[in-house]
Amino acid sequence: MRVAFYAPLKAPDHPVASGDRQIARALVQALVAGGHDLALASRFRSFDGRGDPARQARLAVVAARIAGRLVARMRAERPPDLWFTYHLHHKAPDLLGPAVSRALAIPYVVAEASTAPRQRDGPWAEGHASALVAIRAADLVVFLNPRDEPEVRKVRAPGAAAEWLAPFLDVAAFAGDAPRAHPGPASRATPVRLVTIGMMREGAKLASYRVLAAALARLADLPWELSIVGDGAARAEVAAAFAGLARRVRFLGARPAADVASVLRESDLFVWPAIDEAIGIAFLEAQACGLPVVGADTPGVAAVVAHGRTGLLVPPGDVDAFAAATRRLLLDAPLRERMGLDAGAYVRERHDLPRAAARLDAMLRSVAARHVAGAPARSVTAPC
């Protein structure tokens with residue numbers, strides 16, 4: 001099928017790296033791998049990060065003009081068979097997809113939609129209302145984060161089509177064909193090689209770094225060293241959090257994917273508190289490289305980590321619990337090895353690109369067939 005792809009928060013070719021851009025690129029890759037002819041519909045950003053009603057109104061006016069031009073252009077050429085939007089919410093609603101899809105009479109699919117009822121009357125009221133319009137108009141909503149599902153289902157018609165797509169990555173391209181077992185320290189005196197990955201910015205990321213630093217400070221009696229992959233505006237604050245552990249910590253800065261994989265494969269244990277983590281892509285990357293992980297028991301992380309099998313998950317923000325879980329794996333090399341091997345197999349079985357491409361292709365073809373038949377789309381497959 002010819003698919004028009006759109007990401008209102010950040011286009012897949014946006015110059016600034018982020019988890020959102022990474023997932024958008026993965027979805028593009030899955031659609032192409034599924035045999036679809038994909039084109040980026042627009043780079044228009046509907047993002048309003050400050051809650052400015054005037055900005056939201058201006059964005060809606062600009063979007064209406066862009067939608068009109070898209071419809072005219074697509075009609076003049078061969079129209080797409082389906083419109084696919086990734087990630088919409090009150091701060092970045094989809095102001096293009098519903099209008100264009102309706103005008104061209106094509107199916108409208110949304111992946112990773114979310115709605116926050118508390119924003120209905122707040123500074124993002126216009127964005128919230130626009131997000132609801134898109135969510136209700138979608139022929140199919142694809143969930144990548146279990147946290148979004150309950151509220152989104154509430155605002156859609158009973159039985160409206162909604163499916164689950166497990167977060168994924170191209171394991172072979174990122175980590176190679178098979179995970180490598182890590183030999184671990186030669187003795188109890190040899191430091192265990194910890195690694196973490198995270199952008200350095202205010203908010204949840206900085207809070208996660210501070211939890212990690214506090215947890216590791218409780219483990220000063222054990223031999224370990226930490227490599228940190230990441231950079232950003234809050235680097236000074238992150239460095240300050242680890243000041244008391246400076247001799248054990250290496251700041252590697254932002255690295256390309258190939259370097260990230262190399263760092264992971266040379267490590268023994270991935271640790272990240274993941275406060276307010278939406279989708280734990282870094283956990284997938286670490287497990288793909290054969291690493292056990294320690295993280296937070298949030299919906300997004302629990303969706304990609306098998307607690308007790310591939311890693312250990314603890315209550316979000318609980319420094320003592322995070323330290324205890326890390327201590328357990330620092331002291332138990334056989335458990336680390338077993339979890340690392342299981343982690344590599346787990347990601348390849350459940351979160352690899354070919355599986356995601358096949359599932360996404362089946363979803364879209366089902367929606368397209370029902371659209372042609374004039375029947376409303378319904379959920380027909382179980383979550384995987």
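Every number in this text was worked out from the coordinates using simple rules, so none of it is lab data. Note that the structure is a prediction, hence the values are computed from the model and not measured. When we count neighbours, we look across all protein chains shown, and the Cβ atoms used for this are built from the backbone with ideal geometry, even at glycine.
Per-residue 3J(HN,Hα) values for the range 339-346, derived from phi via the Karplus relation 6.51 cos²θ - 1.76 cosθ + 1.60 with θ = phi - 60°, read 5, x, 5, 5, 5, x, 5, 4 Hz in sequence order (x marks Gly and Pro). Net charge in the neighbourhood of Arg21 (other residues with Cβ under 11 Å of its Cβ; Lys, Arg +1, Asp, Glu -1) is 0. Close amide-amide hydrogen proximity is noted between Thr115 and Val152, each under 5 Å apart and 5 or more residues distant or on a separate chain (H modeled in the peptide plane; Pro and chain starts excluded).
Remark on Trp164: its backbone amide H falls under 5 Å from those of Phe143, Cys384, a criterion applied only to residues 5 or more positions apart or on other chains, H modelled at 1.01 Å from N. Under the convention that each Lys and Arg Cβ holds +1 and each Asp and Glu Cβ holds -1, the size of the dipole of the chain around its Cα centre is about 700 debye.
Among 147-160, 281-294, 29-42, 351-364, sorting by the average number of other beta carbon atoms lying within 10 angstrom of each residue, highest first, gives 281-294, 351-364, 29-42, 147-160. The residues packed around Val238, meaning those with a beta-carbon under 15 Å from its beta-carbon, carry a net charge of +3 if Lys and Arg are +1 and Asp and Glu are -1. The Kirkwood hydrodynamic radius of the range 171-350, based on inverse pair distances between different Cα atoms, is 15.8 Å.
Using a cut-off of 10 Å between beta-carbons, work out the net charge of the residues near Leu132 (Lys and Arg +1, Asp and Glu -1, Leu132 not included).
+3
Could you order peptides 254-263, 78-87, 315-324 by the average number of other Cβ atoms within 10 Å of their residues, highest first?
Listed from highest to lowest mean packing, they are 78-87, 315-324, 254-263.
Starting from the amide H of Leu38, placed 1.01 Å from N in the peptide plane, find each other amide H under 5 Å away whose residue is 5 or more places distant or on another chain. Long-range HN contacts for Leu38: Val3. In the frame of its principal axes, the chain has Cα extents of 69, 42, 35 Å, reported largest first. Using Cα centres only, tell me the gap between the range 43-62 and the range 243-298 in whole Å. Each part reduced to its Cα centre gives a spacing of 34 Å. The stretch between Val133 and Arg102 holds 9.9 nm of extra length on full extension. This uses 0.36 nm per residue minus the Cα-Cα distance.
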